[in-house]
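S.K.: Okay, here's the structure, questions in a sec.
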Amino acid sequence: MDAFSKLDRFVTSNRRDSETEQEYIRQVAERCGLTPDEIETLTDAYDKYLFSPDPTPTDEEQTTIEKFVERAEAMSRDESLDEESMTLTTPPQESERVAEATPPTEATTETSDRQQATAEPESSPPTVSGPSHAGTDSVSFPLPNRIARPLSSGFESTFANRSDYWYLSVLAAFGAYVYYLGLGSYPLRTWDEGVYAEAAKNVLLEGAWLAPTVHYHGVHYTVFMEKPPGAFWLEALSMGVFGINEFGARFPSATAAILVGLVLYVFGRRLYDRRAGFLAGLVWLFGPYTFAGYNAGRFGGVEMLTVLVGLLFVYSTWRLATDEDPGRWYLFAGVFAAMAVMIKGFAAGVYVLIVLPLVARSAGRFLRPRFFATVGVTAVLALPWFVFMHLEYGDRFLETIFFQQVLGRTEGELATAGDPTFSWMHFPYIKAVPFFYDPWIFFLLPATVVLGLFAYRRHDVELGYDLAFLVWWAVSVFVFFLFTGNNSWYLLPSYVAGALLVGALFSETSRGTPVATKATLVGLVATLLFSTRLEPLSPFSIEWVWWMPGNVTEGLTYLFGLLTGAAFLLATPRVVAYLREHLHEDDSDIAVTAFSVFAIAVLMVGLIGATPPVMNQPPRFSDAKSLGLDLRQEVPETESVHFETGILEQTGSIFHVAFYSRRSHVQASMPEINGNERVKYAVVSMESLNRIDREHRVLGRYRITARTTGGGEPTVAFVEFD
């Protein structure tokens, strides 16, 4: 048997599922007294064996491998006997107390939930195992019958030790900084943010919980039927706590963005390991569209809430399809599906498309009575509102929420964006996505290739299935909306899957896995060459074709973030090993934590900026807020404001004006405004101002235009009649 085969047999026979091959080899080699150079030779040799088409060991590799295997097998025999003896002489209760008192570290618990859930029962026969990582500075040789008991199913089983809480706390802290700070410092925007805030405000003030009302386009009071009220309920509750203001309108969406990062940690931990989940959460939180895009994390609306409950639905369905005992995941899937429908309506069906491979893979589980109960839960929670609205408003409701909002949108009858790649497209997704998901898009293909190589070389069917599912998730959403979508925010679900893929790649890179390191470097080079955000510095930069309302870093600042972030990631294995070797365990934990937080902060400054994203504030929005506040101050609550008929042709939709004014808005023609003495307050175009033949005074002039970039001369005036 050649040296490579000996090494592979030893590793595959003794490594626990909680560790990568590289981790296991390093830990055992250190315990066996190999030098750092010998350890590097060993790990490189194993990667050569896994990924080289025709691996042949050099003399140095052969000598090192034989030395390692001989020492490790000798230690395995000696220390396994010691462990067995200790187990047999320790009372069960005392053994449990010792286990509970042992402080967990990341190294001792870098285990996916799925691996814990499928661990052998405690009644397994006592057989001697090989070395496994038992602590930061030591290797033990536990017996298989001493593994942890499977955790109970459900979300309460997810967080088992202090590593989980550290990772979640860091994600929550950075998420709060990026998404909460300055959240109420810029005015609402129209369309979506303004109309949803207006609906939520009326839910709170008028009690219209089932049939929220709005001033449609800002001037016509009516029941809002385009979306179910789930998001409006959450915004209304937020406004009840924080006030009827911008922060109250945006808080649910910002919170949902942060929670998506936390759920990605849970999902990534179960798919791969804790570090992969943590890095996936960071990739999501630091994604440019997530923090700076329309209807994303720093906007009020339904999209980010839909992404959150949609992700929870996908995760529950994945658990339902893959767990040995799916248990309560049937219920969770039904509840989250209903929540998605109550927030997004029929358009939430894209998440059914995402889980189709899971249904195909575990078809038997979706034919059980429990699954039909899941469908029943969804129907019981979601259908009553649709039935109520149809009974109350008839076919007009179905025409609006389904035929107009779903079929009309997919057929391009609603607003579309210009400059698509092909004439049949309604939005330039192909051109815009490299900017929306920069830099992570450049790491997606390397991540997919590396994970595919791992699955192939390790003959890991589960890893292959999971990779195929994540690729389907990202690609199917993109292709579906490529043909049917007309807005930039529809691709947010794809970014979730992308975060899991990139997080897994970076996790392997942070452990020093050579093939992952090379793949990360390929992604970095691609970013440096083609990133839209490096357009002034690279002649190959992809053309900038779309924009986002939030500012993102670019140029030298962005380059600094990329290079320093990559340097920290690539240096992680050596830095952590150095700190573990030269510091006491508690001190090394603190040092590693400080290193990690500092690295993340530097990355955030490079990708986002030293302060949270600043949203562009063209006069169209700031003046609309000023008009709304002036209306609230000057117009008594018993009076209505009359908007000149046709004024929307100049201003565009002004939902946000209605949110700020909290007054009744009605439309009136200029003859009505001139001839009706009961009209006390009006908003007219500047062209019509000279046509007023009644005594009046102008209370304000405002630059509100139909185009976001407009703003110069005033376009409308607010007048009061004597």
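Values quoted throughout were computed directly from the atomic coordinates according to the rules given, and no laboratory measurement underlies them. In this text the structure is predicted, and so the values were computed from the model without any measurement. Positions of Cβ are backbone-derived with ideal geometry, glycine not excepted, and every protein chain shown enters the neighbour counts.
S.K.: Once R0 is set to 35 Å, what does the formula 1/(1 + (r/R0)^6) return for the Cβ-Cβ distance between Ala373 and Tyr165, expressed as a FRET efficiency to the nearest 0.05?
M.R.: 0.55
S.K.: Say R0 is 25 Å: what FRET efficiency, to the nearest 0.05, do Glu226 and Leu383 get from their beta-carbon distance?
M.R.: Computed FRET efficiency for Glu226 and Leu383 comes out at 0.85.
S.K.: At a Förster radius of 35 Å, what calculated FRET efficiency corresponds to the Cβ-Cβ distance of His584 and Ala173, to the nearest 0.05?
M.R.: So the FRET efficiency works out to roughly 0.85.
S.K.: Which lysines does Lys518 reach when only Cα atoms under 24 Å apart count, and residues fewer than 8 places away in its own chain are ignored?
M.R.: Partners within reach: Lys48.
S.K.: Among 339-348, 289-298, how do they line up by average Cβ neighbours within 10 Å per residue, starting with the highest?
M.R.: The peptides rank, most packed first, as 289-298, 339-348.
S.K.: Roughly speaking, what is the stretch gain from Met686 to His390, that is 0.36 nm per residue apart minus the C-alpha to C-alpha distance, in nm to one decimal?
M.R.: Taking 0.36 nm per residue and subtracting the Cα distance, the gain is 102.3 nm.
S.K.: Can I ask one more? Given just the C-alpha atoms of region 619-721, how large is their convex hull per residue in cubic angstrom?
M.R.: Convex hull of Cα atoms, per residue: 83 Å³.
S.K.: Can you tell me which lysines have their Cα less than 20 Å from the Cα of Lys344? Leave out same-chain residues fewer than eight positions away.
M.R.: Within the straight-line cut-off, Lys344 pairs with Lys201, Lys227.
S.K.: With the dipole of region 514-582 worked out from charges on the C-beta (+1 for Lys and Arg, -1 for Asp and Glu) around the Cα centre, which of Pro536, Val525, Gly555 lies farthest toward the positive end?
M.R.: Val525
S.K.: Would you kindly state how much longer the chain becomes between Asp722 and Val352 on full extension, computed as 0.36 nm times their sequence separation minus their alpha carbon distance, in nm to one decimal?
M.R.: Result for the pair: 127.2 nm of gain on full extension.
S.K.: For a protection proxy built on the mean count of beta-carbon atoms within 10 angstrom, sort 245-254, 687-696 highest first, please.
M.R.: Listed from highest to lowest mean packing, they are 245-254, 687-696.
S.K.: Can you find, among Leu171, Pro212, Ala231, the residue farthest towards the positive end of the dipole of region 167-261? Put +1 on the C-beta of Lys and Arg, -1 on that of Asp and Glu.
M.R.: Checked the options; the winner is Leu171.
S.K.: Another question about this same structure. State, to one decimal in nm, how far the label point of Gln617 lies from the label point of Glu66, with both points 7 Å from Cα in the Cβ direction.
M.R.: My value for the distance between the label points is 7.4 nm.
S.K.: Need one number: nm distance between label points at Glu399 and Tyr465, each 7 Å from Cα along Cα→Cβ, rounded to one decimal.
M.R.: Result for the modelled spin labels: 4.8 nm.
S.K.: Tally Lys and Arg at +1 and Asp and Glu at -1 over the other residues with C-beta under 11 Å from the C-beta of Ser531: what net charge comes out?
M.R.: Here the charged neighbours net out to -2.
S.K.: Net charge near Thr553, counting Lys/Arg +1 and Asp/Glu -1 over other residues with Cβ under 15 Å of its Cβ?
M.R.: Once all neighbours under 15 Å are counted, the net charge is -2.
S.K.: May I ask you to compute the full-extension gain from Arg678 to Glu649, defined as 0.36 nm times their residue separation minus their alpha-carbon distance, rounded to one decimal in nm?
M.R.: So the chain would gain 7.9 nm between Arg678 and Glu649.
S.K.: Quick one: net charge of Ala382's neighbours, Cβ under 15 Å, K/R +1, D/E -1?
M.R.: +2
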